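Before any comments, here is the structure.
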Amino acid sequence: MDVGIIGGSGYGGGELARLLEHHPSFKLRTVAARTHAGQTLGAVFPNLAGSPSAGLQLVPADPAELDGCAVVFLATPRDASRELAPALLGAGAVVVDFSDAFRLDAAPLAAASAGAAYGLPELYRAHLAGARLVANPGCYPTAALLALAPAARLVEPASVSVVGMSGSSGAGRGLRDDLHASHAFGNVAAYGAPTHRHTPEIAAGWGALTGGAPPVTFTPHLVPMARGLVCTATATLTGSAAAVRAAYAEAYAGEPFVTLLPAGAWPASTHVAGGNGAHVGVAVDEAAGRVVASCAIDNLVKGAAGQALQCANALLGLDETAGLSATGLYP
Ligand SMILES: NC(=O)c1ccc[n+]([C@@H]2O[C@H](COP(=O)([O-])OP(=O)(O)OC[C@H]3O[C@@H](n4cnc5c(N)ncnc54)[C@H](OP(=O)(O)O)[C@@H]3O)[C@@H](O)[C@H]2O)c1
């Protein structure tokens, strides 16, 4: 099946091109970009120099260039996704969008309305079958919701605080003052709290799981690494402490990409780098009466390109794991 990427010169799109190299059914036919159009994929991403796709020349981000692709991945900013998706859907493609253009309109909030789904398969797999537009979740919401979901019936919904930590690739390839090596290396800093653009998405996902509209305090931090993301959530325990680990074990039993770590072990970004895995750790702070749950993902894989591929597999009735591995690079 031919597939295409618009935004193929960005970090998310480039990671998807790398992952597609090992996909048994998808063939990367077209890669589109804006300022990088005309260059080859191998020139834009030196890590892909030896890949079969290295010689693909990036075309302009015009939906007509993607005609005939069964799936089009939009690894573009929100405004570009909003503009491009209708034409691609009209031409019969299935669209998986990396941006936040459609996330709050898609399931679980609107329960798979109008063929749109929120692409977090571990929580909303049933919504994916038959959808034509997938709003891939944000990287922070993916980790936050995987950390929190099994505790939905065991904690006070409005008591949740999530602390996030992300490497600089989470902000994309563009240059910014706070992403300069001289500022970002050897530095850890909170940013965007308490109104980061991912907060409404985390709160909406948590509300869908708990049946209300509880507020969530979300505090992201930029940490000095290229890729990787950890979200650690705490919430006041209302259920039995003994039920917590059992709830997590039950929720993630059989999930190919989510691993519940043994008691006492905590997720690390370096253990999931390059893979589509999410590692989850959980404990009860008996003294404080709070649950502590942490999830590590690679922001570019389970937080973006890998999850997009997982969703596309599900949409097209393929094995959800096709072309993907949960195993990270280490060290
Ligand atoms: N980075 C992450 O960890 C991550 C995780 C989850 C979701 N996301 C989301 O994924 C999307 C891409 O993120 P990224 O980090 O890959 O960004 P990026 O590195 O900045 O790449 C953006 C891509 O979009 C293209 N583009 C920009 N404006 C465009 C326009 N008006 N029309 C067509 N193409 C346009 C760029 O092309 P040129 O470079 O050729 O101009 C580039 O290929 C964003 O919506 C982001 O929020 C990112």
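The values are calculated or read from the model by the stated rules, or taken from the named source; none is laboratory data. Note that the coordinates shown come from a computational prediction; the quantities given were computed from them, not determined experimentally. Note that each Cβ is placed from the backbone with ideal geometry, even for glycine, and that neighbours are counted across all protein chains shown. Remember, those area values only see protein heavy atoms, side chains included, never the ligands or the DNA or RNA. Shrake-Rupley method; radii C 1.70, N 1.55, O 1.52, S 1.80 Å.
Test V272 against the stated conditions and say whether it is of a type in the set (V, I, T), buried (at least 22 other Cβ atoms within 10 Å of the Cβ) and free of Cβ contacts under 8 Å to residues at least 60 places away in the same chain. Yes, satisfied. A117: at pLDDT below 95, in contact with a Leu (Cβ under 6 Å, 6 or more places away or on another chain), small (G, A, S) and buried (at least 18 other Cβ atoms within 10 Å of the Cβ), yes or no? So A117 fits the description; yes. Taken over the stretch 276-310, the residue count meeting the criterion of being open to solvent by 20 Å² or more (accessible area, probe 1.4 Å) and of a type in the set (K, R) is 1. Residues in the stretch 1-10 that are part of a strand (DSSP E or B) and open to solvent by less than 20 Å² (accessible area, probe 1.4 Å) were compared, and the one that is nearest to the ligand (Cβ to nearest atom) is I6. Residues in the stretch 319-331 that are closer than 13 Å to P256 by Cβ and in contact (Cβ under 8 Å) with a residue 40 or more places away in the chain: E320, T321, A322, G323, L324, S325, A326, T327. Where helices (runs of 4 or more DSSP H) fall entirely within the stretch 11-94, none has at least 3 residues that are open to solvent by 20 Å² or more (accessible area, probe 1.4 Å) and touching a residue at least 60 places away in the same chain (Cβ under 8 Å). Scanning the stretch 220-242 for residues that are of a type in the set (A, V, I, L, M) and either at pLDDT 95 or above or part of a strand (DSSP E or B) (or both) gives L222, V223, M225, A226, L229, V230, A233, A235, L237.
So for the stretch 267-283 (the condition being of a type outside the set (G, A, S) and within 16 Å of the ligand (Cβ to nearest atom)), does at least one residue qualify? Scanning the stretch 267-283 turns up at least one residue that is of a type outside the set (G, A, S) and within 16 Å of the ligand (Cβ to nearest atom). Take the conditions farther than 14 Å from A308 by Cβ, within 11 Å of the ligand (Cβ to nearest atom) and either surrounded by fewer than 22 Cβ atoms within 10 Å (Cβ to Cβ) or at pLDDT below 95 (or both) and apply them to D105. Does it pass? Spelling it out, it is not the case that D105 is farther than 14 Å from A308 by Cβ, within 11 Å of the ligand (Cβ to nearest atom) and either surrounded by fewer than 22 Cβ atoms within 10 Å (Cβ to Cβ) or at pLDDT below 95 (or both). The residue of the stretch 227-250 that is most open to solvent (accessible area, probe 1.4 Å), among those that are farther than 18 Å from G281 by Cβ and more than 16 Å from the chain's Cα centre (by Cα), is T238. Of all residues assigned to the stretch 18-27, none qualifies as being within 14 Å of the ligand (Cβ to nearest atom), of a type outside the set (A, V, I, L, M) and touching a strand residue (DSSP E or B) at 6+ places or on another chain (Cβ under 9 Å). Scanning the stretch 79-98 for residues that are more than 7 Å from the ligand (Cβ to nearest atom) and acidic (D, E) yields E83, D97. The set of residues from the stretch 311-331 being in contact with an Asp or Glu (Cβ under 7 Å, 6 or more places away or on another chain) and open to solvent by less than 20 Å² (accessible area, probe 1.4 Å) comprises just one member, N313.
Listed here are the helices (runs of 4 or more DSSP H) enclosed by the stretch 103-195 that have at least 1 residues being within 14 Å of the chain's Cα centre (by Cα): 121-128, 139-148. The listed residues are P215, P200, P194, P220, and the only one of them that is open to solvent by 80 Å² or more (accessible area, probe 1.4 Å) and under 21 Å from Y118 (Cβ atoms) turns out to be P215.
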